[in-house]
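Shown next, in structure tokens, is the structure this report addresses.
The values are calculated or read from the model by the stated rules, or taken from the named source; none is laboratory data. All of these numbers come straight from a predicted model, not from anything done at the bench. Here the Cβ positions follow ideal geometry from the backbone for every residue, glycine too, while neighbour counts run over all protein chains shown. In case anyone asks, the SASA skips ligands and DNA or RNA and just uses the protein heavy atoms, side chains included. Shrake-Rupley method; radii C 1.70, N 1.55, O 1.52, S 1.80 Å.
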Amino acid sequence: MTAKSKDREPAPALPVARVCVDVPLPHLDRPFDYLVPAADDAAAQPGVRVKVRFAGQMVNGFLLERVESSAHARLAFLDKVVSPERVLDPEIARLARAVADRYAGNLSDVLRLAVPPRHARVEAQAMPAVPTPEDDPGSAVPAMVSGPVMPDGPGEAVDSAAADEPVSTAVPGAGAVAAVGADDAVSVDVPGAVAAVGADDAVSVDVPGAGVVGADDQVSVDVPDMDAVPAVGAEQAGDGQPGSGGAHPVDAAPVAVEPGRAAHSADAGAAVSSDASGSFAPGWADYPAGPAFLHALADGRPARAVWSALPGEDWPARIAEAAAATVRAGKGVVAVVADARDLERLDRALTKVLGDGRHVALNAAAGPSERYRRFLAASRHRVPVVVGTRAVMFAPVADVGLVVIWDDGDDLHAEPRAPYPHAREVLLTRAQLAGCAALVGGFARTGEGQLLLETGWAKEIVATRGTLRARSPAIAPTGDDPQLARDPGAATARLPSLAWQAARQALQGGAPVLVQVPRRGYLPSVACAECRTPARCPHCSGPLGLAGARSVPTCHWCGRAAAAYACPACGGRRLRASVTGARRTAEELGRAFPGVPVRTSGRDEILDTVPGDAALVVATPGAEPVAEGGYGAVLLLDTWALLTRADLRAAEETMRRWLSAAALARPAPAGGRVVVVADGSLAPVQALLRWDPGWFAARELAERRELGFPPAARMASLTGKAEAVAELLDATHLPPGAEVLGPVPAPDDQERMLVRVSRGRAAELARALHEAAAVRSAKKAALPVRVQVDPAELL
DNA sequence: ATAATAACGAGA
DNA sequence: CTCGTTATTATC
């Protein structure tokens, strides 16, 4: 078996394999060449896992491509092909490289995120092990293929080989979106001839607007967040990046979301087809640009949209319809949601719209074998639609036609493992590279979403004011109202009277009431138990907080203890927590509304749905159950705890949580009300009252532009021991105009520095940081420094 | 981790 | 100048 190198013969054709080895060192972040033993010629296809001897030890790796020769003189043989399963799709290999570049990370790190660990038994069970000609990405046209599409279901699905036979003729590559189909040109007739990973130049030629996707051009690959595109009235187009300006898809690609009609000229009778798409997805007709978008998807055109969902919107159904339209065009879909609950809803909606076996849902909850099984179902092109939590952003599908992210403001979309990519950015990069459609949806809109609109990369899908009026609940603010203490019912439940009335009315009408309270321990501050005046520090007027149940109140700002606190308003000496956990709120509310069932949904126990009967539902943000028929009232409590957080995104996050909760209320005509306990003059409150996430996002983005914060600028954070961070910064060729901020103390005796550049310099910065990290890791003394581009936590 | 290679220094 | 030993550096 283990024949000596000398005894082995290299494969006759394309004897060199370029391999990405699984080592996390930045200076080794490039392909290494190995000889393919003749015996492994058939199995050693691009995308397979291999084992190689690297620096004296055996390491895993991915075979990226087969080539004729190597610049390197003496090559070692591949030790073995782990499995002929081609788990790394060429499209994903390109995407992973782009993501690594964007985030100053290693390809191997990204591949660890992109390809789940192998599970040999699953691989063997589910399929013939040897790749057949049908596996050629060029001829696998799964979406429209009739015949059995085998779900690798929970049971021991044994697939017949017949399931793989393509029934229809090869369509991909037709039309503008030829990025993936470009592989056809080098089809697998010649074993090993698939040069897809290196084939960038060939691809970029035919694809309108994809000229920007040149392989080694770092800057252009980073386009999806439009570093090279001028924001409206702001930064100028990519400094010194010839070719990226005019060739940008914004100019070239048909973004078919013109309100009320399909924008593409190829679209004869746009009005008619609009109606047609409206009829297969009537829900989208509530948005003027909706039918055109769906129509574009059904035509396989790369429309890109930022969608502000209407309150009460059945968003899983809308996404399912968009997916179905894309499948109708013979293309694949990748959709990412934040958590398991959202995934379950989307999963159900897709089953309803597409039927069984046309999609897989993937999340971390499934064990490794189930996860790999479903990954294989996608990878083997058994299903055209893959949905899941953030890991599926890298899921392979045949000829991807649409990527979707729902609620992109949710922090769960940020990957916590190096190089910390964000699902939205990954998916947009993917849409860019593949030339496919993209849908960024949510009740709220992020600064990033707004930027996509302002740069023209995507078009807006929003309802008219009229539709909004008909669908929105009645929303009113109420300050911390002085009447409070005099309202006997409210006082016990610390509800302002307006909130109390709204709840009572809804309950009397037999409708459920949602009460949103911040998570426990969020910012436990205290107030006077008598008059509710917030307890403030006698020295600096900062907010007092209670660390433990029976501890001394301590100032959040100056840290001084206030043992002998007396309320300046009423002289009271007793304090109480002014931010209470969901459970305690539930108990208090139960007392205020005797006889009404109270249910809680939070961290430990999350409810998916509640029946449409009178009940109080107390939930923490993100855990709000959907009520059958909608809530009669939604109360947003203790809002200052959200609004006063020091986080850069505090206001945006607050807005997102409010909109998500308020969206679960009935429309005003059906009696739905929302009461937000906050000052009506605050911008997020204003935006909520008018249900105008777009206005708020524009305002937020303008502010960040002014302050030089992301996404208006690009930031990177460097965390580690002071000397290590300094060393890294020293080795970095910072782009012109880069600002270095800090240091800020970080946990474990470390510190953190921030580097800021304009968006036009973002790619340059990432490259510089990666190179500097490579220099450091090459002379291995290096204490670790964590490099994060777009860090989730800023300030 | 380890193998190739550069650098170095002692002795002919 | 050569050989043997040790530091360095690249890792196919």
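Here are some notes:
- Percent accessible area from carbon and sulfur atoms, the stretch A:355-420, protein chains only, probe 1.4 Å: 50
- Listed peptides A:99-106, A:369-376, A:739-746, A:586-593 by packing density, highest first (mean Cβ within 10 Å): A:99-106, A:369-376, A:586-593, A:739-746
- Taking 7 Å steps out from each Cα toward its Cβ at A:Glu703 and A:Ser681 produces label points 1.6 nm apart.
- For the stretch A:1-122: rounded, prolate or oblate by the Cα gyration tensor [a/c cutoff 1.5]: prolate
- Using a probe of 1.4 angstrom and keeping all protein chains present, the accessible surface of the stretch A:369-480 works out to 23 square angstrom per residue.
- Accessible-area composition of the stretch A:682-795, carbon plus sulfur, in percent [1.4 Å probe]: 54
- Unsatisfied cross-links (Cα-Cα over 31 Å) in the set A:Lys331/A:Lys352; A:Lys51/A:Lys779; A:Lys51/A:Lys331: A:Lys51/A:Lys331
- Cα gyration tensor category, rounded, prolate or oblate, for the stretch A:374-488 with a/c compared to 1.5: prolate
- Extension gain, A:Arg8 to A:Arg417, is 143.3 nm, computed as 0.36 nm per intervening residue step minus the present C-alpha separation.
- Probe 1.4 Å, protein heavy atoms only - accessible area per residue of the stretch A:1-102 in square angstrom: 47
- Rounded to the nearest 0.05, the FRET efficiency derived from the C-beta distance between A:Leu25 and A:Arg74 at R0 = 25 Å is 0.70.
- Cα gyration tensor, the stretch A:708-795 - rounded (a/c under 1.5), prolate or oblate: oblate
- Per-peptide packing, taken as the mean over residues of other Cβ atoms within 10 Å, places A:72-80, A:35-43 in the sequence A:35-43, A:72-80 from highest down.
- Difference of contour (0.36 nm per residue) and Cα-Cα distance, A:Arg583 to A:Cys531: 16.4 nm
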